[in-house]
Amino acid sequence: MFRKHSAFPYVLWSAVFIIIPLLLVAGYSVTTKDSQTGEVLLSLENYQKFFDPLYIKVLWRSVRLAGQATIICLALGYPMAMILANMPVKKQRTAALLFILPMWMNFLLRTYAWMSILGKNGIVNRVLEFLHLPQGHFLYNEGAVLLGMVYNFLPFMVLPIYTVLTKIDVSLIEAAEDLGANAATVLRYIIVPLSVPGIISGITMVFMPAVSTFVISALLGGGQFMLVGNLVEQQFLLVNNWHFGSAISMILMVLILISMAVLNRYDTSSEKEVNMI
Amino acid sequence: MNSKIIHGVNVVKEFDGVRVVDGIDFWVKQEEFLTILGPSGCGKTTTLRMIGGFETPTSGEILFDGKSITDLPPYQRPINTVFQRYALFPHMDIYENIAFGLRIKKLPESEVRDRVSNMLKLVELDGFEKRSVRSLSGGQQQRIAIARALVNEPKVLLLDEPLGALDLKLRKEMQYELKSMQQELGITFIYVTHDQEEALTMSDKIIIMNDGRIQQIGSPIDIYNEPENAFVADFIGESNILDGIMHEDYLVSFAGGTFKCVDSGFSRNENIEVVIRPEDIVFTKPEDGMITGIVDTIKFKGVHYEMIVMQGETEWMIHSTDMVQEGTEVGLHFDPDEIHIMKKVKKNV
């Protein structure tokens, strides 16, 4: 009985802040407002509208950029997590802290900082000028958006992998070496398979915010690289079409849910095993 | 062919300036069952890890068949290890666990299959190929760990307290199984334990370590009957250890009396320590005893009673199947060959 009651604040919280807003979004997405009469009508028109090549292109660009960012984060983050996990314990804490430190700064501020680094009169161009090298346009292109994503979301890849790596029993690595495995074999057959749960949560935690971001693309892409997030923002704040905006959000949500379900399929088998150690 | 398959020469290991292994020399012959015995923190596991290649000696050498392997990484040594907590790979099934070493050697699949199934038969777990590690009990995991090491046909098998996590009954069973496996396969075993009974039961040769130094090397019988110092006497079985003086060959005095003994070769009036095993002492009438005392406490131990007899301030432990009431005055008797004389060593605190 007591347990049931003590869950009440959480139930209330999720009802007010998660379930009701979700239902509202779902409700908006399947209705339209007649522009003349102001009547609200049930319709799937918003969803239909999204399947215009124009919007599909935006969705594809979002998925592609988020996917690229995730792959780069994994490629950079895994070795970083390994280096972190192999440090002596004392240094490990400091290094992990240094790693998290930028995350304490405002996200927007960090992205603005990149604008001043990459901008026309930014640090990069100044350095190039000083070295008498030709200056370039680094801002407002796809590369800048990708850089912003990788920079902002890299810690979300490193931390879960680092956590899993530190939990791997050293004697498993020693056992593999004992059985004749050199460092590369140990990495391939022991360390990587055992860190799959960390990789999965890293991918989820990078891909999800990357696919729905609108700040990074707005600031570093200069509005030329519209992503799904920007589309939603635009519908709500500029066009004032909450119905279409909600439909896009719902589509994005379903997309994320599907990708999570696919990832979890890889996860379930190995996670149980690793927890056992 | 060198009969010393593993030979440690003046091996030292320091961790952050602390000497964990302090210059030890030892060897093990082919097909021998060697046990390194000692209390926790004595350096026995570190010694084993240096043989396995998981630690590099600070100084000294480890020879395999006369050739130095001191700087070889673990994967280049013809040695396999059974780890304390088994260290089975949780993401592989039993078959893949055992096949791991063979797969690395790139053996053909048919040979891998044969050898794995032979090993499973040896450890009496055939039919477990597709089981997951976590579905096995501690004893079964233990057997798989042994199979995974033995399948590679190592020249030397290292075992780091492999039975420590098992219950008493299973432990005894596994002791016999390990011993018979070792004899059957003719592999050299180097076994680390803190359990003196385990060491006495299984080994051909025991190395007793304390504070990073070897206290005694010998057969189980030698070590039990002729402990070289008070530490060994105390660590192997129960014993009464007393300070004494060796007057001349075959004459020693301790506990307020002077007695005949069978030891010689000490200097005149040398300070020594005397060990008498509690089961070697028999009760007599007070007037017939070499020593008299009063029975202080009695504990029932199953096969025998453990009694403490107070001779003034001196405690004597006696194991006997006869019970004597508390408070009774008794005489104690022991034969000259049951008095073991040991050189006095400086105690390391």
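A few comments on the model shown:
- Principal semi-axes in Å for chain A [√(5λ), Cα gyration tensor, largest first]: 38, 30, 17
- Mean-position separation - Cα centroids, segment B:49-111 and segment A:141-185, in angstrom: 25
- Considering the protein assembly as shown at the alpha-carbon level, its Rg and Dmax are found to be 36.5, 125 Å.
- Extent of chain B along its three principal axes (Cα atoms, max minus min coordinate, largest first): 79, 43, 37 Å.
- Global geometry of segment A:72-126, whether rounded, prolate or oblate, following the gyration tensor of its Cα atoms and the 1.5 cut on a/c: prolate
- Segment B:208-245 versus segment A:101-137: alpha-carbon centroid distance in Å: 73
- Peptide packing: for A:242-253, B:57-68, the average count of neighbouring Cβ atoms within 10 Å per residue gives the ranking A:242-253, B:57-68, highest mean first.
- Assuming charge only on the beta carbon of Lys and Arg (+1) and of Asp and Glu (-1), the dipole of segment A:47-276 about its Cα centre is about 480 debye to the nearest 20.
- Listed residue (A:I168, A:T70, A:L133) projecting farthest to the positive dipole end of segment A:47-276, Cβ model: A:L133
- With Cα atoms defining each centre, segment B:150-193 and segment A:25-90 are spaced 57 Å apart in the structure.
- Projected-area mean, segment B:161-210, by convex hull of Cα positions, square nanometres: 3.5
- Computed [θ] at 222 nm, helices only, for chain B once each DSSP H run of length n ≥ 4 contributes -39500 (n - 2.57): -7000 deg cm²/dmol
- D_trans [Stokes-Einstein, Kirkwood Rh over alpha-carbon pairs] for segment B:288-333, 37 °C, 0.692 mPa s, µm² s⁻¹: 313
- Working value for segment A:153-277: equivalent-ellipsoid semi-axes of 41, 15, 9 Å, each the square root of 5 times a Cα gyration tensor eigenvalue, largest first.
- If you run the Gaussian network model on chain A, springs between alpha carbon atoms under 10 Å, then out of A:E177, A:E233, A:E39 the most flexible one is A:E39.
- Projected area, mean over directions - segment B:102-151, Cα convex hull, nm²: 3.4
- Taking θ as phi - 60° and the Karplus parameters 6.51, -1.76 and 1.60, the scalar couplings of segment B:54-60 work out to 7, 10, 9, x, 5, 8, x Hz in sequence order, x denoting glycine and proline.
- Rounded, prolate or oblate (a/c below 1.5 giving rounded, otherwise prolate when a/b exceeds b/c) for segment A:1-43 by Cα gyration tensor: prolate
- When chain A is treated as a Gaussian network with alpha carbon springs shorter than 10 Å, the biggest mean-square fluctuation among A:L133, A:L238, A:L172 belongs to A:L133.
- In chain A, the longest principal axis of the Cα atoms and the axis of helix A:196-212 are about 30 degrees apart.
- Taking A:P88, A:P79, A:P155 as the candidate residues, the one with maximal mean-square fluctuation in a Gaussian network model of chain A, Cα springs under 10 Å, is A:P88.
- When peptides B:118-128, B:163-173 are sorted by average Cβ neighbour count within 10 Å, with the highest value leading, the order is B:118-128, B:163-173.
- Tilt relative to chain A, helix A:20-29 - C-alpha long axis, 0 to 90 degrees, to 10: 60
- Here the mean projected area of the convex hull built on the C-alpha positions of segment B:7-121 is 9.1 nm².
- Links that overshoot a 26 Å alpha carbon limit, given the list B:K130/B:K155; B:K121/B:K179; A:K167/B:K67; B:K29/B:K169; B:K172/B:K301; B:K121/B:K155: B:K130/B:K155; A:K167/B:K67; B:K29/B:K169
- In order along segment A:235-249, the phi-based Karplus estimate (6.51 cos²θ - 1.76 cosθ + 1.60, θ = phi - 60°) of 3J(HN,Hα) comes to 5, 7, 9, 9, 6, 6, 9, 5, 5, 5, x, 5, 4, 4, 4 Hz; Gly and Pro are listed as x.
- Expressed as a whole percent, the proportion of Cα-Cα pairs in segment B:60-189 lying more than 19 Å apart is 50%.
- Applying both filters, DSSP loop and at most 14 other Cβ atoms within 10 Å, to the GluC sites (Glu not before Pro) of segment B:260-345 gives B:E313, B:E326.
- Between the helical axis of B:168-185 and the longest alpha-carbon principal axis of chain B there is an angle of about 60 degrees.
- Only helices enter the 222 nm calculation for chain A: every DSSP H run of n ≥ 4 contributes -39,500 (n - 2.57), and dividing by all residues gives -23000 deg cm²/dmol, rounded to 500.
Coordinate-derived values only; no laboratory data. From a predicted model like this one, the values you see are computed outputs, not experimental measurements. As a convention, Cβ positions derive from the backbone with ideal geometry for all residues, glycine included, and neighbour counts pool all protein chains shown.
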